[in-house]
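Here the structure is laid out as structure tokens; the discussion comes afterwards.
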Amino acid sequence: MSDGQRSPTSDGQIVVSGLTKQYRNVRAVNNLSFTIEPGRVTGFLGPNGAGKTTTLRMLLNLVTPTSGTATISGHRYADLTEPLRHVGAVLEASSAHKGRTGINHLRVICAAAGLPKRRADEALALVGLTPAAKRKFKGYSLGMKQRLGIAAAMLGDPRVLILDEPANGLDPEGIRWMRGFLKGLAHEGRTVLVSSHLLSEMQLLADDVVIIAAGQLVRQGPVEQVIGSMTHGGARVRVRTPHAEALVTALKAQNATVDADGQGALIVTGVDAPTVGRAALGAGVELHELTTERPDLEGVFLELTAGKAGIR
Amino acid sequence: MNLVRAELLKIRTTSTWWWLAVGAFVSIALAFAFNAWMASTVLGGDAETLGVSGEQATPAAQAANIYTSGQYLGLMFVMLIGILMVTNEFFHQTATTTFLATPRRTSVILGKLAAASLLGFLFWLATTVIDLVAGATFLSLNDHGTQLGEWPVQRALLFNLLAYAIWTILGVGIGTLITNQLGAVITAAVLYLVGTQVVGLLFLLLSNLLDSQAVLKWQVIWPAVASQVMISEGQSEFVPAWWVGALVLVGYAIVSGVAGVLITRRRDIA
Ligand SMILES: Nc1ncnc2c1ncn2[C@@H]1O[C@H](COP(=O)(O)OP(=O)(O)OP(=O)(O)O)[C@@H](O)[C@H]1O
Ligand SMILES: [Mg+2]
């Protein structure tokens with residue numbers, strides 16, 4: 001990396017501004033703007049066909065925007081002097097020659113990018129693929145292919161990492177490994193942008209989220225804040241009791257809202273669990289379950305994107 | 001330079017090149033056997049039975065034929081290499097990886113062109129060395145001498161080198177224009193194999209229609225005919241001079257190369 005590529009304010013920052021991509025009969029991305037900060041894992045979320053992949057491909061100079069700009073550390077991808085030393089990417093619909101071995105796939109990239117050949121071995125070891133180094137790509141399992149993609153992205157020890165559904169096909173062990181891996185990279189001050197449909201995983205992994213639907217921005221911000229913005233007045237409490245009517249009456253007196261969940265439990269909102277417990281005690285009602293349900297990313301995501309046509 | 005190395009590594013690390021090399025060498029062997037049989041018949045005084053006469057019946061012309069054995073199909077093999085160098089990127093979905101490593105797409109295509117020409121040269125060299133050794137041995141054994149001092153022989157060897165370079169570049173060009181692997185291979189095979197006869201027939205019809213013999217010369221605009229014209233001796237009422245063929249081929253190479261670069265620069269890789 002030359003010093004020219006580093007400026008104190010924009011180093012590692014991804015800035016998308018007014019980005020639009022019009023395909024023949026669909027506006028895949030529509031005037032999209034957001035900023036991704038270094039040192040954090042950012043989840044890039046949206047229903048199928050929302051435009052995530054198209055956005056990432058425009059960011060990487062693979063697809064030409066109809067209008068708008070996307071920059072990494074203040075530069076368009078095509079203008080980075082040594083792109084692989086600055087940005088690593090794992091994209092869907094990218095693959096390797098079926099008849100080439102994993103290690104040779106990486107060596108070809110090293111040769112093209114002017115990286116030393118030993119980086120291929122190091123990157124392969126990093127993703128735990130060394131035992132399959134000399135096997136041909138066509139014999140790789142889905143998860144092994146995904147790991148090879150991550151190895152390719154890490155060849156240049158990049159400052160910025162961009163991943164499109166990287167957890168696809170990874171086993172539970174692999175997913176946990178990747179969570180630690182990506183968090184570690186962000187902790188080192190790198191930028192990590194990762195798209196995914198696995199929202200429970202994202203809740204564990206991401207610091208920030210960018211949610212888009214139908215090509216447009218829906219919400220951006222730290223995960224806690226985005227979740228908080230949608231849960232008016234806090235958590236929900238789930239209670240189970242044989243004397244539902246008596247409890248409902250007692251809770252209504254506390255200004256709580258009570259709904260049946262259809263499976264024999266009651267969902268209480270507007271009051272917290274201790275209040276529900278005290279109300280039950282006061283009414284002499286026996287409780288079989290009393291749990292606080294924290295709102296999760298999945299619920300918030302579904303609420304935010306509801307009605308915004310996914311597949312167009 | 002990195003890019004040329006990367007392209008050569010791509011070829012070396014798959015088995016495609018190996019199959020093409022085997023194919024080329026088998027075709028050398030077959031063609032050599034045929035040409036040697038033809039030379040011994042023609043030079044043995046039976047030229048009439050094979051319909052060979054005049055300039056073609058001299059030892060030099062037959063030697064040129066022998067020394068370029070296998071180049072007809074060899075040219076097609078190098079063109080296929082050129083095509084595969086590009087279409088493999090789309091067929092195996094490696095274009096993303098390639099353009100991430102080198103976002104300057106013109107450089108990628110130029111790297112492919114350079115690597116392709118180098119491979120074309122290597123194929124020509126290997127073929128020519130085999131032909132020279134086997135041919136010189138065969139001709140000497142039959143008391144015709146090696147004939148290597150003759151200009152027609154030298155000319156045939158040199159122009160085949162040019163032909164190898166150009167057809168490889170054409171292959172890369174065709175690959176960038178038609179990214180579908182099967183489509184590109186079929187198109188190229190048609191351009192190359194459906195050469196002389198079909199086009200000759202069409203032009204014969206055309207010349208009858210227009211009542212003009214001069215039209216026949218224009219066959220040279222078809223690449224396979226141009227290639228033939230470039231390496232053949234002499235010109236006539238129907239056949240233009242060799243350099244016309246060479247110019248036409250170079251023209252095709254330049255046009256397909258430039259079109260390939262321009263299209264690749266604009267293409268969305270998805
Ligand atoms: N090359 C293309 N030509 C035409 N339309 C396209 C092209 N690529 C994508 N699209 C359209 O653009 C829209 C966005 O697609 P994109 O792949 O970016 O969605 P996504 O958010 O990545 O979806 P998923 O979660 O399913 O991966 C879709 O409607 C898709 O059909
Ligand atoms: Mg996608």
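Here are the numbers for the structure shown:
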{"quantity": "Shielding by partners - mean other protein chain Cβ count within 10 Å, residues of A:104-111", "calculated": "6"}
{"quantity": "Whole-Å semi-axes of chain B's equivalent ellipsoid (Cα gyration tensor)", "calculated": "35, 24, 14"}
{"quantity": "List of region B:86-113 residues, accessible area with partners at least 30 Å² below that of the chain alone (1.4 Å probe)", "calculated": "B:H92, B:Q93, B:T94, B:T96, B:T97, B:L100, B:A101, B:P103, B:R104, B:R105"}
{"quantity": "For region B:74-218, the Rg and Dmax computed from alpha carbons only, in angstrom", "calculated": "19.8, 60"}
{"quantity": "Length-normalised contact order for chain A - Cα pairs under 8 Å, 6+ apart - percent", "calculated": "21"}
{"quantity": "Heavy-atom surface of chain B, accessible at 1.4 Å and reported per residue (Å²)", "calculated": "47"}
{"quantity": "Options B:I83, B:L43, B:Q147, ranked by Cα towards positive dipole end of the protein assembly as shown, top entry (Cβ charges)", "calculated": "B:I83"}
{"quantity": "Acute angle (nearest 10 degrees) that the helix A:102-113 long axis makes with the longest principal axis of chain A, alpha-carbon atoms", "calculated": "70"}
{"quantity": "³J(HN,Hα), Karplus 6.51/-1.76/1.60, whole Hz, each residue of region B:153-167, x for Gly, Pro", "calculated": "5, 4, 4, 4, 5, 5, 6, 5, 4, 4, 4, 4, 4, 5, 5"}
{"quantity": "Residue-wise HN-Hα coupling along region B:103-109, computed from phi with Karplus coefficients 6.51, -1.76, 1.60 (Hz; x: Gly, Pro)", "calculated": "x, 7, 5, 4, 4, 4, 5"}
{"quantity": "Burial of 20 Å² or greater, region B:250-270 residues [accessible area, probe 1.4 Å, versus chain by itself]", "calculated": "B:D268, B:I269, B:A270"}
{"quantity": "Most positive-pole-ward Cα, A:Q13, A:A133, A:L205, against dipole of chain A from beta carbon charges", "calculated": "A:A133"}
{"quantity": "For region A:53-67, residues shielded by at least 50 square angstrom of accessible area compared with the chain on its own, probe 1.4 Å", "calculated": "A:L62"}
{"quantity": "Alpha-carbon centroids, region A:52-75 and region A:91-144: separation in whole Å", "calculated": "26"}
{"quantity": "Region A:236-293: relative contact order in percent, alpha carbon pairs under 8 Å with at least 6 residues between", "calculated": "52"}
{"quantity": "Percentage relative contact order, region B:2-266, counting C-alpha pairs under 8 Å, at least six apart", "calculated": "21"}
{"quantity": "Percent carbon-and-sulfur accessible area, chain B, ignoring ligands, DNA and RNA, probe 1.4 Å", "calculated": "71"}
{"quantity": "Within the accessible area of region A:236-293 (1.4 Å probe), percent carbon and sulfur", "calculated": "49"}
{"quantity": "Cα centre as origin, Lys/Arg/Asp/Glu Cβ charges: the protein assembly as shown dipole, Debye", "calculated": "880"}
{"quantity": "Descending Cα extents along the principal axes, region A:14-222, whole Å", "calculated": "45, 35, 34"}
{"quantity": "Residues of chain A: accessible area per residue with a 1.4 Å probe, Å²", "calculated": "45"}
{"quantity": "Solvent accessible area, Å² - A:R27, 1.4 Å probe, full protein context", "calculated": "100"}
{"quantity": "Summed buried accessible area for A+B [probe radius 1.4 Å, Å², rounded to 100]", "calculated": "2400"}
{"quantity": "Cα-Cα P(r), the protein assembly as shown, percent of pairs per 20 Å interval", "calculated": "17, 36, 25, 14, 5, 2, 0"}
{"quantity": "Accessible area (Å², 1.4 Å probe, nearest 10) - A:M154", "calculated": "10"}
{"quantity": "Full-extension gain in nm, A:E245 to A:W177, via 0.36 nm per residue minus C-alpha separation", "calculated": "19.7 nm"}
{"quantity": "GNM result for chain A, Cα springs below 10 Å: residue of A:T69, A:T291, A:T55 fluctuating most strongly", "calculated": "A:T291"}
{"quantity": "Whole-percent carbon and sulfur share, accessible surface of region A:66-213, 1.4 Å", "calculated": "52"}
{"quantity": "Leading residue at positive end of dipole, region A:209-312 (Cβ point charges), from A:G215, A:L281, A:G299", "calculated": "A:G215"}
{"quantity": "Debye log10 I(q)/I(0) at q = 0.15, 0.18 Å⁻¹ for region B:1-118, Cα point scatterers", "calculated": "-0.73, -0.88"}
{"quantity": "Values of log10 I(q)/I(0), in the order q = 0.14, 0.15, 0.20, 0.29 Å⁻¹, for region A:222-273 under a Debye, Cα-only, solvent-free model", "calculated": "-0.41, -0.46, -0.70, -1.13"}
{"quantity": "On Cα atoms only, tilt of A:273-283 relative to the major axis of chain A in degrees", "calculated": "20"}
{"quantity": "Folded to 0 to 90 degrees: helix A:142-154 orientation relative to chain A principal axis, Cα", "calculated": "60"}
{"quantity": "List A:E122, B:E89, A:E224, A:E188, ordered by accessible area with a 1.4 Å probe, largest first", "calculated": "A:E224, A:E188, A:E122, B:E89"}
{"quantity": "Top of A:Q203, A:Q220, A:Q263 by mean-square fluctuation, Gaussian network on chain A, Cα under 10 Å", "calculated": "A:Q263"}
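The values are calculated or read from the model by the stated rules, or taken from the named source; none is laboratory data. Because the structure is predicted, anything quoted here is derived from the model rather than measured. Glycine gets a Cβ as well: all are built from the backbone with ideal geometry, and neighbour counts include every protein chain shown. The accessibility values were calculated without ligands, DNA or RNA, using every heavy atom of the protein model including side chains. Shrake-Rupley method; radii C 1.70, N 1.55, O 1.52, S 1.80 Å.
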